[in-house]
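The values are calculated or read from the model by the stated rules, or taken from the named source; none is laboratory data. All values reported here derive from a predicted model rather than from experimental measurement. Quick reminder, even Gly has a Cβ in these numbers, built from the backbone with ideal geometry, and neighbours come from all protein chains shown. Heavy atoms of the whole protein, side chains included, go into the accessibility calculation; ligands, DNA and RNA do not. Shrake-Rupley method; radii C 1.70, N 1.55, O 1.52, S 1.80 Å.
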Number of protein chains: 2
Amino acid sequence: MAVHEELPADAGQDAINELQSIRQSIDNIDAALIHLLAERFKFTQSVGRLKAEHGLPPADPAREFLQIQRLRGLAEDARLDPAFAEKFLNFIIAEVIHHHEKIAGDTAGGRTIAPPAAAGPDDTAAPTA
Amino acid sequence: MAVHEELPADAGQDAINELQSIRQSIDNIDAALIHLLAERFKFTQSVGRLKAEHGLPPADPAREFLQIQRLRGLAEDARLDPAFAEKFLNFIIAEVIHHHEKIAGDTAGGRTIAPPAAAGPDDTAAPTA
């Protein structure tokens with residue numbers, strides 16, 4: 001369901017209709033973004049578990065560099081600011097780290113979850129500790 | 001094309017294969033996110049132009065409130081942290097404002113683009129000026 005609200009009565013009806021149509025598209029895109037982000041975090045949590053189980057290093061600067069370069073390239077092709085694409089990846093990374101910190105907290109509480117170091121950010125551009 | 005790199009030789013081959021498979025999924029999702037974001041910014045720029053043309057107010061707190069509530073609800077259904085969904089919307093909003101500031105700069109340079117006030121953030125949770 002899209003989000004609608006009242007618009008000024010003095011705007012032309014055609015303009016109001018067009019604005020509502022665009023907003024519905026924005027709302028549809030936002031729903032898709034939220035669902036893709038939810039799926040992405042499921043994958044990064046799988047990566048964290050897998051790395052913990054197999055003693056793989058938490059961060060991988062080579063992959064992180066390639067991820068940034070790739071997203072910047074995709075952004076250019078899509079006429080999106082490459083600097084924004086990089087900021088976006090870093091924003092996501094911060095949340096991945098936040099998830100892993102929560103895992104660390106749960107581990108401290110006695111739950112049998114992988115240790116935080118081994119469940120580090122991965123697939124992020126976070127600096128290697 | 002997904003982003004691959006060397007992994008430690010002492011990790012099990014099955015683990016490495018699984019990690020590469022998950023990373024390919026992450027890369028696919030990232031490509032989708034970038035393209036959706038590019039499309040979203042096209043729409044917000046259309047909103048900015050439309051509002052400027054019709055003298056509609058740049059910000060709409062009622063819509064902004066509803067957008068946040070809706071995204072939080074979608075996030076809960078998708079098992080994504082609702083607080084993250086709200087942070088994400090605010091992150092996007094900051095970029096929309098940045099776009100509109102650039103339009104303002106272009107206007108100051110003499111190009112025939114809508115004035116910044118009328119091309120304000122809209123469809124964002126930015127405070128009304």
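Just a few scattered comments:
- Computed over protein heavy atoms with a 1.4 Å probe, the accessible surface of segment A:13-108 works out to 45 Å² per residue.
- Summed buried accessible surface, chains B and A, 1.4 Å probe, nearest 100 Å²: 5700 Å²
- Residues with amide H under 5 Å from that of B:Asp60, placed H, sequence gap 5 or more: B:Asp122, B:Asp123, B:Thr124
- Carbon + sulfur, % of accessible area of segment B:13-108 - ligands and nucleic acids excluded, 1.4 Å: 51 percent
- Taking the chain by itself as reference, segment A:14-29 contains these residues with an accessible-area loss of 40 Å² or more in the full protein complex (1.4 Å probe, heavy atoms): A:Ala15, A:Leu19, A:Ile22, A:Arg23, A:Ile26, A:Ile29.
- Burial of accessible area (probe 1.4 Å, heavy atoms of protein chains only) in segment A:46-61, relative to its chain alone, reaches at least 10 Å² for A:Ser46, A:Val47, A:Leu50, A:Lys51, A:His54, A:Leu56, A:Pro57, A:Asp60.
- Ranking A:Phe91, A:Gln24, A:Ala59 by how far each Cα lies toward the positive end of the dipole of segment A:13-108 (charges on Cβ) leaves A:Ala59 at the top.
- 3J(HN,Hα) along segment A:52-64: 5, 5, 10, x, 7, x, x, 10, 9, x, 5, 5, 4 Hz, from the Karplus curve 6.51 cos²θ - 1.76 cosθ + 1.60 with θ = phi - 60°, whole Hz, x for Gly and Pro.
- Simple spin-label estimate for B:Phe65 and B:Glu18 in nanometres, 7 Å along Cα-Cβ: 4.8 nm
- Going by accessible surface with a 1.4 Å probe and the largest first, B:Asp30, B:Asp106 read B:Asp106, B:Asp30.
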